[in-house]
Structure formats: C-alpha cells, structure tokens
Amino acid sequence: MDDTPEYMKGPETRPWVIRAGTKLRKYIDRLSTASSKIPVEPVLDEKHFPWTKLLAENWEVIAEEAAAIIRYRDAIPPLRELSPDHRNTGRDGKWRSFFLVGYGFEVPENCARAPRTAELVKQVPDLNSAFFSIIDAGGMIPRHRGVSRGLITCHLGVSVPRDHENCWIEVEDEKRCWRNGEWIVFDDCFEHEVANDTPDPRVILLVQVKRPMRQPGRLVHDLWLGAIRKSPFVTDARKNFDKWEETFRIAEANEPAGSN
C-alpha cells in the first residue's frame with residue numbers, strides 16, 4: 001500500500017483524466033482567448049466587473065468576519081493538503097484557504113461562520129469560487145499558472161500587513177501590492193507568484209469568476225468547467241472538507257483563540 005500523501009506524489013500517479021485535461025487545456029484556452037469580451041492581459045481593471053464595487057464598499061464587514069475565522073488559523077488547511085493537485089504551490093504549508101464556495105460547491109458550515117461575506121459573494125455573477133486566502137508570515141507561492149483562461153481571479157485586501165510593499169503578487173512582469181479595501185484583478189492563466197516578506201499574515205478574499213465570453217467560447221468553457229467539477233481535481237478536495245471541518249470545529253470548541 002502506498003502511504004505517500006497525495007500532494008507529494010509525482011505527475012505519473014495522477015489520474016488519467018487530469019493528464020488528459022492538461023493536454024486539452026491549451027486548445028480550450030485558445031478558444032477562450034478568441035471569444036473574450038475583455039482584454040486578455042495579466043492584470044485587469046476592476047471596471048470590467050461592476051460587482052466588485054459592492055464588496056469593496058463592505059470590505060470592513062468582510063474583514064471582521066475574516067478576523068474571527070483566522071483566530072483559529074492553525075485549523076484552516078494549507079491548500080496543498082486540501083487539494084492534492086496544488087501540491088506544488090504553497091510548498092511551505094503557509095498558504096491556507098477557508099472556502100465559502102469552491103468550483104460552484106457551497107461549504108455550508110463555513111458560510112455560516114461568515115454569513116455576511118457569504119451573502120455578498122452569492123450576489124457575484126458567474127461565481128466559481130470564493131474563499132479567504134491566508135499567507136502566513138514569510139510565506140511564498142512559487143511561480144505557477146491556473147487551470148483555465150476562462151476564469152478570472154479577483155483579490156480583495158481585508159487584512160494586509162502594514163508593510164504592504166513587502167507583500168506582493170507578480171503576474172508575468174507586473175508586480176502589485178495588496179491594500180485593504182482594494183482589488184487586484186488578474187488572469188491567473190499567466191504565470192504568477194506570491195510572497196509575504198513581512199512578520200504578519202496576509203488575508204484576502206479571493207473571488208474567482210467566469211471570464212465574460214462570446215459564443216462558442218462560453219459554451220465550450222462551461223462544458224470544460226463542468227468536467228473539471230466532476231474530476232479528481234475537485235472531488236478529491238471536497239472529500240477532504242469533512243476532515244478539516246472536524247478539525248476546525250474542535251478548535252472552536254476546545255482551543256483558546258490565538259492572536260494574529
């Protein structure tokens with residue numbers, strides 16, 4: 001029996017459907033590029049997504065709920081342990097993710113812990129995922145790219161270190177620093193990396209939405225996204241939610257809240 005954790009296994013052990021999907025992705029990305037209604041650029045203007053204004057106006061409400069959750073951040077899973085296919089990102093275990101919605105699947109227990117934030121993100125059109133993304137002090141995410149050009153990633157700063165200039169994301173050759181209440185919107189199909197070179201954790205609300213596209217790109221991408229939702233990329237992560245829900249529940253009930 002192979003006891004190697006999923007996130008440590010090499011590409012040769014990945015399910016065939018993921019390997020096949022990797023080969024198909026470049027063709028679907030080309031169609032997404034040709035069908036896009038917005039620029040295909042590394043960093044985008046938030047004006048393309050009018051819903052961002054509502055969440056930015058309520059960032060302090062979101063920050064308040066995030067603060068209550070990250071009091072127990074040791075019980076929030078590193079993404080590599082929640083999702084085996086993120087094993088090569090956040091290798092130091094300092095990238096933690098508290099999911100409200102993941103690939104269209106709501107996490108009811110977590111939404112109940114952040115009800116106002118959950119209500120806000122449910123108003124986002126074409127929502128794919130929404131979660132609190134935490135990079136612990138000194139954490140880094142090596143250069144990588146996302147799964148589909150048909151998705152756009154949006155970061156809202158909710159608890160950014162004061163030394164924000166040393167807490168950054170670089171998409172291709174564009175480097176940006178987070179600020180509380182402000183968005184960074186980007187196409188994560190471009191290579192990007194993240195670093196938190198400060199003594200404090202960085203917390204953002206990460207919202208991922210479908211790229212605005214014309215047909216046939218929209219239809220093809222929706223079918224592609226449906227296949228991803230049924231693949232081990234998503235189903236393996238959903239199986240791990242129960243384990244981490246129990247861990248978080250124990251932390252809430254029995255462990256004193258730690259400081260940030």
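The values are calculated or read from the model by the stated rules, or taken from the named source; none is laboratory data. Computed from a predicted structure; not experimentally measured. Using ideal geometry, Cβ is built from the backbone for each residue, glycine included, and neighbour counts are taken over all protein chains shown.
Points to keep in mind about this one:
- Summed over region 153-181, the residues that are in a loop (DSSP other than H, G, I, E, B) and in contact with a helix residue (DSSP H, G or I) (Cβ under 7 Å, 6 or more places away or on another chain) give a count of 3.
- Those helices (runs of 4 or more DSSP H) lying entirely in region 74-151 with at least 3 residues at pLDDT 90 or above: 108-113, 115-121
- Checked against (1) part of a loop (DSSP other than H, G, I, E, B); (2) modelled with pLDDT under 95; (3) crowded, with 17+ Cβ neighbours inside 10 Å, Gly258 passes all but a single condition, namely (3).
- Per the conditions (1) touching an Asp or Glu at 6+ places or on another chain (Cβ under 8 Å); (2) surrounded by fewer than 23 Cβ atoms within 10 Å (Cβ to Cβ); (3) hydrophobic (A, V, I, L, M, F, W, C), the sole criterion not satisfied by Leu156 is (2).
- Extreme residue, surrounded by the most Cβ atoms within 10 Å (Cβ to Cβ), among residues of region 99-126 that are touching an Asp or Glu at 6+ places or on another chain (Cβ under 9 Å) and of a type in the set (S, T, N, Q): Thr117
- Region 171-183: number of residues that are more than 22 Å from Glu65 (Cα to Cα) and either surrounded by fewer than 21 Cβ atoms within 10 Å (Cβ to Cβ) or within 14 Å of the chain's Cα centre (by Cα) (or both): 6
- Residues that are among the hydroxyl-bearing types (Ser, Thr, Tyr) and either within 18 Å of Glu191 (Cβ to Cβ) or touching a Gly at 6+ places or on another chain (Cβ under 8 Å) (or both), drawn from region 134-161: Ser148, Thr153
- Region 195-234 - residue that is surrounded by 15 or more Cβ atoms within 10 Å (Cβ to Cβ) and among the polar types (S, T, N, Q) and, of those, farthest from Tyr103 (Cα to Cα): Thr198
- Phe186 of a type outside the set (S, T, N, Q), closer than 21 Å to Ala114 by Cβ and crowded, with 18+ Cβ neighbours inside 10 Å: no
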